[in-house]
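The values are calculated or read from the model by the stated rules, or taken from the named source; none is laboratory data. Computed from a predicted structure; not experimentally measured. Here the Cβ positions follow ideal geometry from the backbone for every residue, glycine too, while neighbour counts run over all protein chains shown.
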Amino acid sequence: MRFFAILNFMKYIKELFIILFISFIGEVLRYFIPLPIPASVYGLFIMLLCLITKIIKLDQVETTADFFLLAMPITLVPASVGILSAWDFVKSHAWAVVAIILISTVLVMGVTGSVSQLIIRKTEGKKK
Amino acid sequence: MKAFLENSVFWATILTLTTYMIGCAVKNKINSPLAHPLLISVILIIIFLLVFDIEYETYQNEAKYISYFLTPATVCLAIPLYRQIELLKKHWKAVVAGILSGVITSMASILLMSILFGITKQLYISLMSKSITTAIAIGITEEYGGISTITAAAICVTGVFGSISSSIVMKIFRIKNPISVGLALGTSAHAMGTSKALEIGPVEGAMSGLSIALAGLMTVVLAPLFANLI
């Protein structure tokens, strides 16, 4: 049993290594390409490309990746607490800012969903 | 206590995990969209910092180790996307058109309301990219002279509000197709919308994750156009 536990441990270390290594390549690209695109977005596309070309197989990253995805909201907590230090700048325009945020969020959600749904229905209608 | 906290490495991590676990427990007890673990965690931490009179910077300085994991977590969004790759190939036109229309709606509506409410250019720039992922948005805000903490705060409010209101908004606009639900959540409410989408289903989650990346890239391209319109 102990032997198998160690085998599994190696599997997770490798999964973690692949994910962190791709994040690192993303950082390298971020350093050399002068655009405000973060390392994580480069990394997302590199990971997708590696999966499509089968350089990385799904079961070589899956378990750790699913853990990271479930834990993602936790990584957003510290930045969100930053509302504390932004408050002084926003105070005088608070209502306008809140209105802008709420209204535009609803509009974006509605428009994105409706436009894509319309096109999906059209293409599926043609095939029938 | 302040002197201790400034030198302690783990307290901010412990505080974040504890409040998040409380958030999860509350969510399991009451089934309301308002019981969002992230929202509960953030509110509890803010109360803690205010009660003990601790500067945000002190917390941020120790909690940054948690933020480090946002990058690998975003990289992992490629996995649900790859699982749905056939669906993406089939509907790429709807995906691109949906996200692009969302990005334009976001920037145009923020521009119009900023003019209407008469807010300063600096504030407008800080809000301009609030529907996309924090890492890209802060880059844009700094590039065009906004205040990055406002952007981070606006992104958080957007994300929480987007995930809380999504079920009602989807009903009002009659958005039922899982692909469209995912695109709508990811384009409007970035990573927080995506964790909501992952809860709804695998197709929703994959499309929402893709939207984070594509909406972010499209906003980078359109930002110079919109930045000088006020």
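So here's what we get for this one:
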quantity	calculated
Test: residue B:142 is more than 21 Å from residue B:222 (Cα to Cα) and not hydroxyl-bearing (Ser, Thr, Tyr)	no
Failed item in (1) closer than 23 Å to residue A:75 by Cβ; (2) not in a helix (DSSP H, G or I), with residue B:174 passing the rest	(1)
Any chance residue A:104 is closer than 13 Å to residue B:113 by Cβ, at pLDDT 95 or above, of a type in the set (S, T, N, Q) and not assigned by TED's automatic domain parsing to the domain that holds residue A:16	yes
Exclusive hit being closer than 22 Å to residue B:206 by Cβ, of a type outside the set (A, V, I, L, M) and either more than 7 Å from every other protein chain (Cβ to nearest Cβ) or in a helix (DSSP H, G or I) (or both), set B:182, B:146	B:182
Residue list for the range B:197-230, filter: over 27 Å from residue B:112 (Cβ atoms) and either surrounded by fewer than 24 Cβ atoms within 10 Å (Cβ to Cβ) or among the aromatic types (Phe, Trp, Tyr) (or both)	B:198, B:199, B:200, B:201, B:202, B:203
Which listed residue, of B:125, B:104, B:136, is within 27 Å of residue B:70 (Cβ to Cβ) and facing chain A (nearest Cβ under 7 Å)	B:136
Some residue of the range A:69-89 being modelled with pLDDT under 95, outside any helix (DSSP H, G or I) and surrounded by fewer than 15 Cβ atoms within 10 Å (Cβ to Cβ)	no
Subset tally (residues that are surrounded by fewer than 24 Cβ atoms within 10 Å (Cβ to Cβ) and either among the aromatic types (Phe, Trp, Tyr) or closer than 23 Å to residue A:39 by Cβ (or both)) for the range B:104-134	2
Flag if residue B:162 is facing chain A (nearest Cβ under 7 Å), out of contact with any Asp or Glu (no Cβ under 6 Å at 6 or more places or on another chain), part of a helix (DSSP H, G or I) and of a type outside the set (A, V, I, L, M)	yes
Residue count for the range B:29-60, restricted to those that are closer than 24 Å to residue B:6 by Cα and surrounded by 14 or more Cβ atoms within 10 Å (Cβ to Cβ)	14
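Each row is one residue, and each column tells you yes or no for (1) over 22 Å from the mean Cα position of the chain (by Cα); (2) under 22 Å from residue B:38 (Cβ atoms); (3) β-branched (Val, Ile, Thr).
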{"residue": "A:5", "(1), (2), (3)": "yes, no, no"}
{"residue": "A:32", "(1), (2), (3)": "no, no, no"}
{"residue": "A:48", "(1), (2), (3)": "no, no, no"}
{"residue": "A:72", "(1), (2), (3)": "no, yes, no"}
{"residue": "A:81", "(1), (2), (3)": "no, yes, yes"}
{"residue": "A:93", "(1), (2), (3)": "yes, no, no"}
{"residue": "A:101", "(1), (2), (3)": "no, yes, yes"}
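To keep it simple, each residue is scored yes or no on (1) outside the structural domain of residue A:9 (by TED's automatic domain parsing); (2) among the small types (Gly, Ala, Ser).
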residue: A:36; (1), (2): no, no
residue: A:42; (1), (2): no, no
residue: A:46; (1), (2): no, no
residue: A:56; (1), (2): no, no
residue: A:60; (1), (2): no, no
residue: A:70; (1), (2): no, no
residue: A:86; (1), (2): yes, yes
residue: A:89; (1), (2): yes, no
residue: A:92; (1), (2): yes, yes
